[in-house]
Structures are given as structure tokens and as C-alpha cells.
Amino acid sequence: MNPETIVKSFIGDYFYWNNKAFTQMEQLKATFEAALLSMGISYPPTIEQISDIAQFGRVQSQNASKNARLLNEITAEYKKIIKKYCRPGHYHLDPSFGNDSNHHPDEEVIVSVVVADDTAIVKTERTKDLGFMKHISDYEFYLSHEKGRWNFVTFEKERWYLEQVYYVNEEGRYESL
């Protein structure tokens, strides 16, 4: 695969992962809120609402355990993306996700691809229509090329690795991988 194809594929995989992670966390939050409501407690709870501290503690503890398990699952899925696109043992930031993914295959376009020897920089631009204005986010994907080692998973003798993704604005470049 060439650098452009890898970046497009990463954007799609990241978008899918982000949306799945966010949906799962929202479902867990809704379950916790429903458990509190069944006890007559709104979310977030006030001190006055917590009449049975032991019962509230049990519900809170169960939610914390489910939350930790889900975050471990989400992190494991993110690591699969890192493993798919990056070199073995690649250092990455902890995953972050939200209701609006950093990358979106329908809103992010490649604006330039520069390949020099065994490195490539792919610049993208994501335009979000906020209704009253358009918000543009710029990203730079840094890739490196390795050849000579046969990969029996991808059946490639040469391949490009994603080394880093930067969010770029007028104040600087920020690691986001």
C-alpha cells in the first residue's frame, strides 16, 4: 500500500473505533443513570439524594468495575489499530475518543502527499460544518518505508509504517497518535 492509501485506511479505522468506543461508554453511563434513578437519585447525584450510602456505594462500585473493563477493551481495540499501521513496539499516546472523532472519512481529505526516499508526509484537512460556521482541522501523517523483510500477514515485502500523526494549528504541531 502507498502512503495515501494507508492514511485513508487509518482514518476509516480510527473513525469506526472512536464511534464504537464513545457509544459503548454512553450506554454504560445510561445504565448507571438508570440504576441511580431506580434509587430515586438523579445524575449527577446531590448529597441530599444519597440517603442509603451503602446502596449507592454498591451501584457506584459496580459501575466503576464495568467502566474499567470497558476502558481496557477500548484500549485493546486501539492497540490493534496501532499494530496494524505502526512498527512493532511503536510508542503511542493513550487513546482518547469522544462524540466527535478527530478523523472522519467523509469530512477529511488529503491535501498533499510528499514522498522523499523512505519517508512520506501526508497532509489532510477535515472540514466540519457546525451550522453557523465551518471548522477546519489540519493533520500531518508521518510515514516511513521499510523494504526487504517479507511480511506473511500482509504478503508484502515492502511496507509503509505510520510513525506519527500531528494535529496542526497556528500555535504549533501536537502529537495525536
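Bear in mind these aren't lab numbers, they're just calculated from the coordinates by the rules spelled out. Computed from a predicted model, the values in this text were never measured in an experiment. Using ideal geometry, Cβ is built from the backbone for each residue, glycine included, and neighbour counts are taken over all protein chains shown.
Just report the Cα centroid separation between region 12-63 and region 92-122, whole Å.
So the separation of the two Cα centres works out to 32 Å.
Using θ = phi - 60° and the Karplus curve 6.51 cos²θ - 1.76 cosθ + 1.60, what whole-Hz ³J(HN,Hα) does each residue of region 77-84 get, with Gly and Pro shown as x?
5, 5, 4, 5, 5, 4, 5, 5
Describe numerically, in nm with one decimal, the distance between label points set 7 Å from Cα along Cα→Cβ at residue 170 and at residue 34.
Reported label-point gap for residue 170 and residue 34 is 4.7 nm.
Would you mind calculating the relative contact order of the chain from Cα pairs under 8 angstrom and at least 6 residues apart, reporting the percent as a whole number?
21
What angle do you read, to the nearest 10 degrees and between 0 and 90, between the alpha-carbon axis of helix 3-38 and the longest principal axis of the chain?
Computed tilt is about 0 degrees.
Just subtract the alpha-carbon distance of residue 114 and residue 64 from 0.36 nm times their residue separation and send over the number in nm, one decimal.
That works out to 13.4 nm of additional length.
Any idea how far apart residue 55 and residue 72 come out in nm if each label point goes 7 Å out from Cα toward Cβ?
For the pair residue 55/residue 72, the computed spacing is 3.0 nm.
Suppose every Lys and Arg Cβ carries +1 and every Asp and Glu Cβ carries -1, with no other charges. What dipole size does the chain come out with about its Cα centre, to the nearest 20 debye?
Approximately 720 debye in magnitude.
For region 1-121, what percent of Cα pairs sit more than 25 Å apart?
So the portion of pairs separated by more than 25 Å is 44 percent.
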